[in-house]
1. Once you have all Cα-Cα distances for the chain, histogram them in 10 Å bins from zero and send the whole-percent values.
2. Mind pulling up the Rg/Rh value for the stretch 194-297? Radius of gyration and Kirkwood radius, both on Cα.
3. How big is the stretch 141-191 along each principal axis, measuring the range of its Cα positions in Å and listing the largest first?
4. Chymotrypsin sites (Phe, Trp or Tyr not before Pro), restricted to the stretch 167-245: which are DSSP loop and have at most 16 other Cβ atoms within 10 Å?
5. Is any helix in the chain, taking whole DSSP H runs, at least 18 angstrom long along its axis by alpha carbon and on average at least 0.0 on the Kyte-Doolittle scale, and which ones?
6. Test of understanding: ordering 171, 210 by Cβ neighbours within 10 Å, fewest first, what list do you get?
7. Convex hull over the Cα atoms of the stretch 124-258, averaged projected area in nm²?
8. Filter the trypsin sites (Lys or Arg not before Pro) in the stretch 1-90 down to the DSSP loop ones having no more than 13 other Cβ atoms within 10 Å, then list what survives.
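None of the figures in this text is laboratory data; all of them are computed from the coordinates on show. Worth saying up front: this structure is predicted, and the values here are computed from it rather than measured. Here the Cβ is made from the backbone with ideal geometry for all residues, glycine too, and neighbour counts use every protein chain on show.
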Amino acid sequence: MKPTEILRNTVISEILSLSTVQNVWPTWNKQIHSIVGSSTLKSSDLNKIGDNLYKIFKSTSNGRGQSDVSSGGAAWEALVCWYLNLCLIGSRTVVIKSKKANIPKCISDSINVNYGNFTSNTESDLLAITFPDTHELSLPFSGSHKDLMRILTDAVEQRFIETELGIIQCKTNWNDNAQIPMLWDLIYASTGFSSAAKVGTNGFSHTKLKKFTYSFVTVPTVEPSKFKATSTPVMRVKNLSGGNYWGLPTKSGVASNLFGIIQSNFQTSHNSYTNGWHKDIVTEIQNMKSNGNVFKL
């Protein structure tokens, strides 16, 4: 198995082992199969799942106590990570839950925001890394996770300008959180600051990547019909470099179905399937289910 696929499997195994996700997965899995209506997923089924992530998530949502909000946020982040990786199996793009052990250090360095002696990171719930197309990453890998990350990190460091990165902020409540991605996207888009602030450390900067995007993905928990093109939360994320998405069908001027992020932001990987994504993704998913079914479909 290629290094990128091993990393993808690691990420999915870790999120599905979270107690929060384990509690809801049996219900979510039933919802998914009721939506697609078959055990054999077709490419069009992935779009259907994207249209119904709201329904899947809400099937196990609780009240709005603080503990419910926290666990709900973690569950939504996990569902988004699971779904996007399912749509990207076999590609060079891996969507990673923000965890130091699974992210090449040069990627983290490139998005550090430094203010004087203080270093901060964006609220990067998920990082979508499109790894460079190298010979080393096309070969089967066997070894420890440490060795895996060394190979992936070396590839990114050596071909940083061929690497793509998408920051994906996942929030359940659109009203309360829309200003956060808006402000971070402005920081990353800035060409300079009048203060002592700067982006990037150790010689790595997101501006040197082949492509960099910042996206917002919400359920939302508020009644979706309340959001209009002129609503303040919508206006705040309207011009994000990576777009605004939700767990529902696309609503013009408001938000796009999450499936849309695949071709909008990860087109490099989307176009790399030998026989076209629509055919190859079906084969990739079938192979995954026959070899351990890490996505637990």
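1. Answer for the chain: a P(r) of 6, 28, 36, 24, 6, 0 percent.
2. Radius of gyration relative to Kirkwood radius: 1.08.
3. Rounded to whole Å, the extents work out to 45, 30, 13 Å.
4. 193
5. 3-16, 66-87
6. On the way: 171 22, 210 14.
Placing the least packed residue first, the sequence is 210, 171.
7. Approximately 10.7 nm², given one-decimal rounding.
8. Taking the stretch 1-90 and a limit of 13 other Cβ atoms within 10 Å, the loop trypsin sites (Lys or Arg not before Pro) found are 64.
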